[in-house]
Each structure stands twice: as structure tokens, then as C-alpha cells.
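*Asks:* This is the structure I have questions about; it appears just below.
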Amino acid sequence: MVTRLRNPRNKYNAGATIHNGERFDSGAERTRYLELLLLQRANVIARLERQPKFVLQPAFHDAWGRLWRAITYTADFSYYDKDGQMTIEDMKGAESRDFRLRAKMFQAQHPDIKLVITRAK
């Protein structure tokens with residue numbers, strides 16, 4: 001069962017939905033998750049995870065004692081293909097400058113992980 005949230009639109013005009021008790025930022029993200037679940041059941045992919053979080057730069061204190069928060073990147077999905085290659089997927093209706101910077105930092109730190117950005121239609 002899919003439920004539209006009361007305030008369904010985010011800043012990129014994507015409608016948030018709830019499916020089987022799980023919240024998705026858009027219908028496209030929910031649809032892709034259901035596709036990935038089918039691929040996992042068919043043993044095409046393994047270890048599917050929603051909202052994996054990566055620390056791109058840890059928190060630190062500068063010379064004046066100010067605490068700078070960590071820079072993190074939370075993707076939509078992660079999984080492994082049958083060859084053992086880790087893949088990170090992100091659904092984007094529009095790519096923000098912030099996302100492009102985080103994606104670049106992620107690729108610099110994890111060149112061995114495949115980053116797939118899917119454009120929502």
C-alpha cells in the first residue's frame with residue numbers, strides 16, 4: 001500500500017510516499033527500490049541497503065577551538081553485484097551543486113565503488 005504524505009512535496013517538487021511503512025522521498029525512489037528488491041530475490045544483486053551513509057570528512061576542531069561538523073553523503077541505495085562490485089545508487093530529479101560536490105568527494109575517497117546517478121523522469 002502506498003500512502004502520499006500530507007505535505008507531499010519537497011524543495012525539488014518530488015512527492016514523498018510511504019510504502020509498507022518505509023518512507024521514500026519520491027515515487028521514482030520507491031519504484032527503484034522495488035526493482036532492486038526483485039533483483040535481490042533473483043540473486044542478481046546482494047546486500048541491498050537503503051540510505052547508506054558515508055563520512056567524507058570527519059569532524060574536527062580548528063586552531064581556535066571551533067568544532068566543524070563532519071561532511072557526510074547519504075545515498076539512496078547500496079548493493080553488490082554477483083562479481084562482488086559495490087554499487088551506490090542515487091535517484092535525482094535535479095542535481096544540486098551540493099550533491100555534485102559530495103559526489104566528487106565520494107568518488108575521490110572511494111574510486112573502487114561504482115556510483116550510479118539515475119535521473120528521475
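*Asks:* Would you mind telling me which residue in Lys53, Lys92, Lys82 has the biggest mean-square fluctuation in a Gaussian network model of the chain, where springs connect alpha carbons within a distance under 10 angstrom?
*Replies:* Among Lys53, Lys92, Lys82, the largest GNM mean-square fluctuation belongs to Lys82.
*Asks:* Still on this structure, I have one more. Taking loop as defined by DSSP and a crowding limit of 12 other beta carbons within 10 Å, which chymotrypsin sites (Phe, Trp or Tyr not before Pro) in region 43-121 fit? Walk me through the numbers on the way to the answer.
*Replies:* Values: sites: Phe54, Phe60, Trp64, Trp68, Tyr73, Phe77, Tyr79, Tyr80, Phe99, Phe106; in loops: Trp64.
Those that pass, being in a loop and sparsely packed, are Trp64.
*Asks:* Angle between the Cα long axis of helix 97-109 and the longest principal axis of the chain, 0 to 90 degrees, nearest 10?
*Replies:* Taking the Cα atoms of the chain, the angle to 97-109 is about 80 degrees.
*Asks:* Which net charge results for the neighbourhood of Phe60, defined as the other residues with beta-carbon distances under 10 angstrom from its beta-carbon, given Lys and Arg at +1 and Asp and Glu at -1?
*Replies:* Numbers: positive: Arg66, Arg69; negative: Asp62.
Result for the local shell: +1.
*Asks:* With charges only on Cβ, +1 for K and R and -1 for D and E, what is the dipole size of the chain about its Cα centre, in debye, rounded to 20? Provide the component values of the computation, followed by the final result.
*Replies:* On the way: 22 positive and 14 negative charges, 100 e Å.
About 480 debye.
*Asks:* Given the -39500 (n - 2.57) contribution per DSSP H run of 4+ residues, what per-residue ellipticity at 222 nm results for the chain, rounded to the nearest 500 deg cm²/dmol? Intermediate results must be reported in sequence, preceding the final value.
*Replies:* Numbers: 2 runs with 28 residues, N = 121.
Helices in the chain give a 222 nm mean residue ellipticity of -7500 deg cm²/dmol.
*Asks:* Follow-up question, since we're still on this one. When the chain is fully extended, how far beyond the present Cα-Cα distance does Leu39 get from Lys104, taking 0.36 nm per residue of separation? Walk me through the numbers on the way to the answer.
*Replies:* Working: separation 65, 0.36 × 65 = 23.40 nm, distance 2.78 nm.
Full extension from Leu39 to Lys104 adds 20.6 nm.
*Asks:* Cα centroids of region 61-111 and region 34-53: how far apart, whole angstrom?
*Replies:* 19 Å
*Asks:* Nearest 10 degrees, 0 to 90: what angle lies between the long axis of helix 27-41 and the longest principal axis of the chain (Cα atoms)?
*Replies:* 80 degrees
*Asks:* What size of dipole, in debye to the nearest 20, comes out for region 63-121 about its Cα centre when the only charges are +1 on Lys and Arg C-beta atoms and -1 on Asp and Glu C-beta atoms? Walk me through the numbers on the way to the answer.
*Replies:* Working: 11 positive and 8 negative charges, 73 e Å.
The calculation lands at about 360 debye.
*Asks:* What accessible surface, in Å², does a 1.4 Å probe find on Ile18, ignoring ligands, DNA and RNA and rounding to the nearest 10?
*Replies:* Counting only protein heavy atoms, Ile18 exposes about 50 Å² to solvent.
*Asks:* Taking a temperature of 20 °C and a viscosity of 1.002 mPa s, what whole-number D in µm²/s does Stokes-Einstein yield for the chain with Rh from Kirkwood over alpha carbon pairs?
*Replies:* Answer, rounded: 134 µm²/s.
The values are calculated or read from the model by the stated rules, or taken from the named source; none is laboratory data. Remember, it's a predicted structure, so these values are computed and weren't measured experimentally. Methodologically, a virtual Cβ is constructed for each residue, glycine included, from the backbone with ideal geometry; neighbour enumeration extends over all protein chains shown. Accessible surface areas use protein heavy atoms only, side chains included; no ligands, DNA or RNA. Shrake-Rupley method; radii C 1.70, N 1.55, O 1.52, S 1.80 Å.
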